[in-house]
Amino acid sequence: MIELDGTTRQTTGTESGEADRRTQRKPKRNKLLLEVLYLILKVALVALVVLLALVFVFGIAKVEDNSMNPSLKSGDLLLFYRLDHDYTSGDVVAVEYEENIQLRRVVAVEGDTVNITEGGLEINGKLQQERSISGNVGSTGAETLLYEGGIDFPVTLGPGEVFLLGDNRAESLDSRMYGPVKENIIVGKTVFVMRTRNI
């Protein structure tokens, strides 16, 4: 029953039902809107976490040259981990050199003595067996040659230093030229390689 201008009018069942349906639709619309906003918030939160992880925990680098051939080839993408500073011989690391990211292999760490002789690469007086380096037929490191204008050998690594070489020794700008590298300019250790060739 509805009063209008002092008069009383009986509502029909149809009018009453329509009013009920209108009041039911509003909560449903509000609930749907809240669910959409909640979904957007979750997506934004996940995107923020991924972004922070890529900035502070992980990094991505693209191989731009053939310095690490055959292990890594031009175009490969690498995921590196920024928080692991425990480097050992054989690790592939991303290092910042002249405002560029290089990918190189650790061949010696602090306390090691590195020498390059006619026989090849020596670490602490022992000739290294390096089957992975490019062009190395004999697997003895004989492809590791001195660079004209490079550093003098032998060299003993100080605290927090590593010695880096590219696997493609003939085409790699590495510690033979710029010397041992302080660990604080290494931006991360490679944990995953994505091959982009033939994609």
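For Ser74 paired with Leu37, estimate the spin-label separation in nm (one decimal), with each label point 7 Å from Cα along the Cα-to-Cβ line.
5.3 nm
Mind running the shape call on the stretch 145-199? Use the C-alpha gyration tensor, a ≥ b ≥ c as the square roots of the eigenvalues: rounded below 1.5 for a/c, prolate if a/b tops b/c, oblate otherwise.
oblate
Once fully extended, how much extra length lies between Leu48 and Phe192, figured as 0.36 nm per residue of separation less the alpha-carbon to alpha-carbon distance?
That works out to 49.6 nm of additional length.
For a Förster distance of 22 Å, can you work out the FRET efficiency between the beta-carbons of Glu171 and Asn100, rounded to the nearest 0.05?
In this case the efficiency is close to 0.90.
Can you give me the accessible area per residue for the stretch 45-117, using a 1.4 Å probe, in Å²?
Value returned for the stretch 45-117: 53 Å² of accessible area per residue.
Starting from the amide H of Phe58, placed 1.01 Å from N in the peptide plane, find each other amide H under 5 Å away whose residue is 5 or more places distant or on another chain.
Close amide H contacts, sequence-distant or interchain: Arg82.
Sort 62-70, 35-43, 76-84 for me by packing, meaning the mean count of neighbouring Cβ atoms within 10 Å per residue, highest on top.
So the peptides 62-70, 35-43, 76-84, ranked by packing, come out 62-70, 76-84, 35-43.
The values are calculated or read from the model by the stated rules, or taken from the named source; none is laboratory data. Computed from a predicted model, the values in this text were never measured in an experiment. All Cβ positions, glycine included, derive from the backbone under ideal geometry; neighbour counts span all protein chains shown. Side chains are part of the model used for accessible areas, which takes the heavy atoms of the whole protein and leaves out ligands, DNA and RNA. Shrake-Rupley method; radii C 1.70, N 1.55, O 1.52, S 1.80 Å.
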